[in-house]
Each structure stands twice: as structure tokens, then as C-alpha cells.
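Beneath this line is the structure, given in C-alpha cells, with notes to follow.
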Amino acid sequence: MKALCLAFFAVLFLLPATAPGLVPVSPAPPLAPPETAPASPSASAQESSNKHHRIIPAFLILGTVFNEKAYAFPGVEVKIRRKGEKKFLYDLYTNSRGEFAVRVPDGIQYEVVVRQKKYKEQSQEVMANMAEAQKRLTFKLESLASPKAGESK
């Protein structure tokens, strides 16, 4: 039994060293950290001024859109513009739960318009002031087609 174990360990250690085409690999030396000169305050200020920083608007407009049967309505177009302007600044769609959310700059009055084919367009006004951090809206769309005789709304 002792001889069998010795033979096993001899084969285990000698076989890899004598196998053709195999070269033992030595461990790589540890990497030294790159040498950098301490940055001067003016250099770091220049770097930060060169980068584009995106400022996130503070006021949040969020809401939910429902259909005439009070179910969440996914895929409804929501457009937002400043009150009194014709051009829409934001154009988005409701998610699978009929919800939408968008951050806008504060201090401006906005008009939120909800549109969907075969439904009446609806709009609500929102004053984005910092007294409130957000405004939650709810829309219940009404179908353009009139209900059939005998059907209730």
C-alpha cells in the first residue's frame, strides 16, 4: 500500500514537469501603483469645469392614466408644455401600469396633455413651485364613441 501511494504521488508531481509542450508558469510580479504627481487645485478645477454636468430638475410631475372602465391604461401619450406655448417640451408614454413621471424645472406653470386614439384628449395645469416637491395627477379617459343603447357607462 505504501508503494502504491509513493508511485501515485511520484506520477502526480513528475508527470506535469516532463510533459512535452508544457512550460511551468512563474507567478507574475505584483503590480506597483502608477506614480502620479499630486494634482494642483487649479488643475482639478479645470477638469471639473470641462466635464458636462447635468443638473436634474427639482420638481416632479407624476400621474396615472385610466380608461373608461377604471383600468390602468398603458401606452398613452403624455405631452408637457409651458402654459401658453404651442411647442411641447416633454413627450412620453405611460408604462405597463398606466403611470408616467417627469422632472421639470420649478417656478413655471405647465400644461399636461394626455392623448390616445379613440379617446377624448384631456389636459391639466400644474404650477411647479418648490412649496411642493411634486404634483400627482390622475386622468380617466373617456371614449369618443357613444355607448350603445342599453349599455351603461
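The values are calculated or read from the model by the stated rules, or taken from the named source; none is laboratory data. Owing to the predicted nature of the structure, the values given are computational and were not obtained by experimental measurement. Neighbour counts are summed over all protein chains in view; Cβ atoms, including those assigned to glycine, are modelled from backbone coordinates with ideal geometry.
Points to keep in mind about this one:
- From the options Phe100, Phe59, residue that is modelled with pLDDT under 95, aromatic (Phe, Trp, Tyr) and under 24 Å from the mean Cα position of the chain (by Cα): Phe59
- From the list Tyr93, Tyr71, the one residue that fits, being among the aromatic types (Phe, Trp, Tyr), touching a Pro at 6+ places or on another chain (Cβ under 9 Å) and either at negative phi or at pLDDT 95 or above (or both), is Tyr93.
- Taken together, the residues in segment 96-110 that are of a type in the set (S, T, N, Q) and part of a loop (DSSP other than H, G, I, E, B) amount to 1.
- Identity of the residue in segment 115-143, at pLDDT 95 or above and of a type in the set (Ser, Thr, Tyr), that ends up nearest to Pro105 (Cα to Cα): Ser123
- Filtered residues of segment 67-91 (kept if farther than 24 Å from Gln109 by Cα and either touching a Ser or Thr at 6+ places or on another chain (Cβ under 7 Å) or part of a strand (DSSP E or B) (or both)): Glu68, Ala72, Phe73, Pro74, Gly75
- Some residue of segment 86-97 being of a type in the set (Asp, Glu) and either closer than 16 Å to Ala58 by Cβ or buried (at least 18 other Cβ atoms within 10 Å of the Cβ) (or both): no
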